[in-house]
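I have placed the structure first, in the form of structure tokens, so that the comments after it can refer back to it.
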Amino acid sequence: MLRYKHVVRMLKRRSYSVNQAGSGSGPGNDDEDKHPIRRTLRLLGNDMRKVKEFFVPKDEAPEASKDTIPTQSKFKFSGERDRDYTLPEDFQTHCDVLVIGGGGLGSSVAYWLKEKARDGLNVVVVEKDETFAKSATRVAVGGLCQQFSLPENIQMSLFAADFLRNSKQHFGNEVPIQFTPHGHLLLCKDEDAEALMRSSQLQNELGARNELLTADRLAARFPWLNTQGIALGCHGLELEGWFNPLALLSNLRRSAAKNGAHFVDGEVVGFEFRAQSDMSVVAGSNEGSYNGLDKAVIHLADGTRRTCKFALCVIAAGTDSSNVARLAQIGVGPGMLQVPLPIDSRKRYLFAINSQAANAPGMGMPLTIDPSGTFIRRDGLGGSFICGHNSQDDSDSSAVDPQYFEEHIRPKLADRVPALRDSKVVDSWAGFYDHNVYDENGIVGAHPYYHNMYLATGFSGHGIQQSLAAGRAISELIIDGQFRTIDLSRLTFDRLIVERPIYEISQVLS
Ligand SMILES: Cc1cc2nc3c(=O)[nH]c(=O)nc-3n(C[C@H](O)[C@H](O)[C@H](O)COP(=O)(O)OP(=O)(O)OC[C@H]3O[C@@H](n4cnc5c(N)ncnc54)[C@H](O)[C@@H]3O)c2cc1C
């Protein structure tokens, strides 16, 4: 009530000075003010800004220079028309939440935070390469399916299916997500059949829809499939398919920016710490020595270095997540900080192939995953397919080994889908994803030592479909203090401390 009265007083004062302006002196004495509609809009705009300034909590005054520095983006997504990322933006020296990494995970965190809190939270996303040239999100196939063995993974993918099927309601029509509904077909050998049956039962109990097919039924349903050595297949009937990961990224960024998130073209290269004697020291660290995270040191695209003081930060830096964590002493500090963030980089090859064979799989072909890990899916019409496999190549280079397809993929494809034996390779590319070497599942939630650090990383080969649920989960922890939509407490960093890995047995993961 008090606030309301204050606002009314403020508006009255404002209209008084407007009258003054209208009477001949000051900024109102121009052509624009002679036009009644434009003048009303301008005055209303000013007053609304004042009202907003009153209600929206202000950041503390910046300590350093108040000069603004431009942050620039080299890369502009198609469809991001509401905000021009090439325009300079005020660098935020203070923020509520600093997200490190602007790929699928980081942008999803920003999207959900701004969806829920709007102006109540100042959210800054720092991305070191706005071309996303090396980001996993840029190269992902965009496969979406629920054929996991862990309830958390199944639920996250169900959440994504629901969101993506209704993407126009969330994002509008500007950048279509291109969701193509299509089942996945996960094939297994005799020794894995029982596990596949158990997983399928759980998936259906949780809301997925898939069917188990014996080798005979597989052969009858998919005549192009060689079922030799296959005991069982699990075929998705609903809620599965593939989408365009870059379109999802573009929409997440665009929507978050529209709601006021700030995107900074820069790299987090360090943290500044603050000794907090009032903090109760967590077990495992030295008594009385709690050093909280206070600021991020950011190397900006224009070559300057700035710091941003944050209340909370989120590490969503993909394959670089453990390097960023190390900047915060995670993995190199004492006590609980000895436990590293176990994220490694895993290389994966993709090949676009074409076959004009008369008996090649047609429109009804599901995304098919062989027990060897080789997968293939249709890519539009005209005999085009995308296939891939995990490579064992540890090099940092994103070059594709030209022999890899011939040695590792063609023999498997020729065996499983004989009609594709003579397919032509028309394109190939390689990408790296953040692989959790501890138990291959995502790490989501608060860090057990730092009360103001959250993690959203390590999703291996299923991270883009799970980015929506994981980002939402982080926003719930920050705003509501608990997981609300899906209970992901088994996926927090705590499992590394108490040594309780949580394994996913599905091949879909790889
Ligand atoms: C070939 C391939 C196919 C895939 N197919 C699928 C699929 O079909 N379905 C599926 O669900 N998933 C798939 N994935 C996995 C999926 O792509 C990833 O799990 C997901 O995109 C990870 O998103 P992210 O935001 O964590 O990482 P990224 O997209 O890599 O984003 C992390 C970002 O952090 C930035 N960054 C790093 N360090 C810093 C720093 N210090 N300061 C500022 N910024 C920093 C990086 O520049 C990067 O842009 C695939 C991955 C690959 C490689």
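The values are calculated or read from the model by the stated rules, or taken from the named source; none is laboratory data. Values in this document were obtained by computation on a predicted structure and should not be read as measured data. Positions of Cβ are generated from backbone atoms using ideal geometry, with glycine treated the same way; all protein chains shown enter the neighbour counts.
Go through the range 233-270 and give me each residue that's closer than 18 Å to Ile376 by Cα and free of Cβ contacts under 8 Å to residues at least 60 places away in the same chain.
Gly233, Leu237
Identify, by number, the condition in (1) in the same structural domain as Val126 (by TED's automatic domain parsing); (2) within 16 Å of the ligand (Cβ to nearest atom) that Ala352 doesn't meet.
Checking Ala352 against (1) in the same structural domain as Val126 (by TED's automatic domain parsing); (2) within 16 Å of the ligand (Cβ to nearest atom), the one that fails is (1).
Among what's in the range 122-167 and is among the β-branched types (Val, Ile, Thr) and either within 7 Å of the ligand (Cβ to nearest atom) or touching a Cys at 6+ places or on another chain (Cβ under 6 Å) (or both), pick the residue that is farthest from Ala193 (Cα to Cα).
Val124
Quick grid of which residues meet (1) outside any helix (DSSP H, G or I); (2) in contact (Cβ under 8 Å) with a residue 60 or more places away in the chain; (3) farther than 25 Å from Ser489 by Cβ:
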residue	(1), (2), (3)
Leu105	no, yes, no
Lys116	no, yes, no
Val126	yes, yes, yes
Phe148	yes, yes, no
Met156	no, yes, no
Phe159	no, yes, no
Lys168	no, no, yes
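Please state which of the following conditions Ala360 fails to meet, knowing it meets all the rest: (1) among the aliphatic types (A, V, I, L, M); (2) outside the structural domain of Val264 (by TED's automatic domain parsing); (3) touching a strand residue (DSSP E or B) at 6+ places or on another chain (Cβ under 8 Å).
(3)
So which of Asn291, Asn323, Asn244 is among the polar types (S, T, N, Q) and away from the ligand (no atom under 14 Å from the Cβ)?
Just one listed residue meets the conditions, Asn291.
Any residue at all in the range 314-323 that's surrounded by fewer than 22 Cβ atoms within 10 Å (Cβ to Cβ) and either in a loop (DSSP other than H, G, I, E, B) or of a type in the set (A, V, I, L, M, F, W, C) (or both)?
No, every residue in the range 314-323 fails to be surrounded by fewer than 22 Cβ atoms within 10 Å (Cβ to Cβ) and either in a loop (DSSP other than H, G, I, E, B) or of a type in the set (A, V, I, L, M, F, W, C) (or both).
Return yes or no: is Leu252 within 11 Å of the ligand (Cβ to nearest atom), at pLDDT 95 or above and in the same structural domain as Pro501 (by TED's automatic domain parsing)?
yes
Conditions: (1) modelled with pLDDT under 90; (2) touching a helix residue (DSSP H, G or I) at 6+ places or on another chain (Cβ under 7 Å); (3) over 25 Å from His462 (Cβ atoms). His389 meets all but one. Number of the miss?
Among (1) modelled with pLDDT under 90; (2) touching a helix residue (DSSP H, G or I) at 6+ places or on another chain (Cβ under 7 Å); (3) over 25 Å from His462 (Cβ atoms), the lone unmet condition for His389 is (3).
Return a yes/no flag: does the range 341-349 have any residue that is hydrophobic (A, V, I, L, M, F, W, C) and under 22 Å from Ser108 (Cα atoms).
Yes: one or more hits.
Confirm whether Ala195 is among the aliphatic types (A, V, I, L, M), under 30 Å from His235 (Cα atoms), more than 13 Å from the ligand (Cβ to nearest atom) and in a helix (DSSP H, G or I).
It is true that Ala195 is among the aliphatic types (A, V, I, L, M), under 30 Å from His235 (Cα atoms), more than 13 Å from the ligand (Cβ to nearest atom) and in a helix (DSSP H, G or I).
Residues of the range 255-278 being outside any strand (DSSP E or B), within 25 Å of Arg306 (Cα to Cα) and among the charged types (D, E, K, R), which ones?
Lys258
Step by step: first the residues of the range 412-437, then only those that are more than 16 Å from the ligand (Cβ to nearest atom) and small (Gly, Ala, Ser), then the one that is surrounded by the most Cβ atoms within 10 Å (Cβ to Cβ). Which residue is that?
Among them, the one singled out is Ser423.
Is it the case that Asn226 is part of a loop (DSSP other than H, G, I, E, B), modelled with pLDDT under 95 and polar (S, T, N, Q)?
Here the answer is no, as Asn226 does not meet what is asked.
Evaluate the following for Val175: is it assigned to a loop (DSSP other than H, G, I, E, B), closer than 27 Å to Ala352 by Cα and away from the ligand (no atom under 13 Å from the Cβ)?
Considered against the rule, which asks whether it is assigned to a loop (DSSP other than H, G, I, E, B), closer than 27 Å to Ala352 by Cα and away from the ligand (no atom under 13 Å from the Cβ), Val175 comes out as yes.
From the list Ile474, Ile502, which residue is in contact with a strand residue (DSSP E or B) (Cβ under 8 Å, 6 or more places away or on another chain) and either surrounded by fewer than 19 Cβ atoms within 10 Å (Cβ to Cβ) or under 18 Å from Ala325 (Cβ atoms) (or both)?
Ile474
Find the residue count for the range 90-103, including only residues that are within 16 Å of the ligand (Cβ to nearest atom), over 12 Å from Ile478 (Cβ atoms) and either among the β-branched types (Val, Ile, Thr) or not in a strand (DSSP E or B) (or both).
Looking only at that region, the number is 6.
Would a scan of the range 438-448 turn up a residue that is of a type outside the set (Val, Ile, Thr), without any contact (Cβ under 8 Å) to a residue 60 or more places away in the chain and more than 16 Å from the ligand (Cβ to nearest atom)?
Looking through the range 438-448, at least one residue is of a type outside the set (Val, Ile, Thr), without any contact (Cβ under 8 Å) to a residue 60 or more places away in the chain and more than 16 Å from the ligand (Cβ to nearest atom).
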